[in-house]
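The values are calculated or read from the model by the stated rules, or taken from the named source; none is laboratory data. Values in this document were obtained by computation on a predicted structure and should not be read as measured data. Glycine gets a Cβ as well: all are built from the backbone with ideal geometry, and neighbour counts include every protein chain shown. To get the accessible areas, we keep the full protein, side chains included, count just its heavy atoms, and leave off ligands, DNA and RNA. Shrake-Rupley method; radii C 1.70, N 1.55, O 1.52, S 1.80 Å.
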Amino acid sequence: MLRPWTPAELFAVDRGERQPHWAPDFPAEGDQVIAGILTQHPEGLTGSGHRQVIERGSGLVVGSIGLFWPPNDGAVDVGYGIIASRRGRGYATEATRAMVAFGLAAPGVEAVTAEVDLANTASVRVLEKAGMTRTSEDGVTARYRTTSATATATAAGEAPATSSRGGRGSRRSRRGSSGGE
């Protein structure tokens, strides 16, 4: 389940104040970075901004995910992170699928992209399970991309087509894409 950040939650992360609805190891370092950015740039709290990942069974915040706006050449980057104690449960994949669908439905967005460290095999799997296609790599990092056509094929159970265009998003997503499943 995804829920927008509130200004009070951002300030609590920024000040290191624990909240009762956070998992014990939340926020992770990446969440602290995002909270700091959003505290300084509250426009990121718009309806298309960042979200907290909520564990359904407990109602606890276990991570965060977001799209980085505005679109760059029709593409937005997705970035995410799940705390260590909740990885391997499918939360990153579920959240990434939801944010990709949300992004692709937004006006002016033709593609969603991500960058991931190749050594982070869990995060590579998250992007692939979310229907994203690897478009390039340099031996250390890989770029992934999906379009509405790719997402529709993936949802229908078809293999996604390989994109001929490389991802063009910003490197800002690198943090989030390293959070693992």
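Within the range 106-133, the set of residues being without any contact (Cβ under 8 Å) to a residue 24 or more places away in the chain and either closer than 19 Å to G74 by Cβ or open to solvent by less than 40 Å² (accessible area, probe 1.4 Å) (or both) comprises P107, V124.
With respect to G49, determine if the residue is in a helix (DSSP H, G or I) and open to solvent by less than 70 Å² (accessible area, probe 1.4 Å). Taking the combined requirement at face value, the residue does not satisfy it. Close Cβ contacts (under 8 Å, 6 or more residues apart or on different chains) running from residues in the range 65-87 that are over 25 Å from F26 (Cβ atoms) to residues that are assigned to a strand (DSSP E or B) and open to solvent by less than 50 Å² (accessible area, probe 1.4 Å) comprise P70/V76; G74/A111; A75/A111; A75/V112; A75/T113; A75/R145. For the range 106-133, residues that are under 19 Å from G44 (Cβ atoms) and aliphatic (A, V, I, L, M) total 4.
Of the set (1) closer than 20 Å to R97 by Cα; (2) of a type outside the set (V, I, T); (3) in a helix (DSSP H, G or I), all apply to G63 but (3).
Flag: I82 matches the condition of being within 14 Å of the chain's Cα centre (by Cα) and of a type in the set (A, V, I, L, M). Is it fair to say A35 is at pLDDT below 95, aliphatic (A, V, I, L, M), surrounded by fewer than 22 Cβ atoms within 10 Å (Cβ to Cβ) and not in a strand (DSSP E or B)? Answer is yes for this residue. Residues in the range 6-32 that are more than 20 Å from L67 (Cα to Cα), in contact (Cβ under 8 Å) with a residue 12 or more places away in the chain and open to solvent by 70 Å² or more (accessible area, probe 1.4 Å): F11, D14, P24. Inspect all residues belonging to the range 96-103 and state whether any of them is more than 13 Å from the chain's Cα centre (by Cα), open to solvent by less than 30 Å² (accessible area, probe 1.4 Å) and closer than 21 Å to G47 by Cβ. There is no residue in the range 96-103 that is more than 13 Å from the chain's Cα centre (by Cα), open to solvent by less than 30 Å² (accessible area, probe 1.4 Å) and closer than 21 Å to G47 by Cβ.
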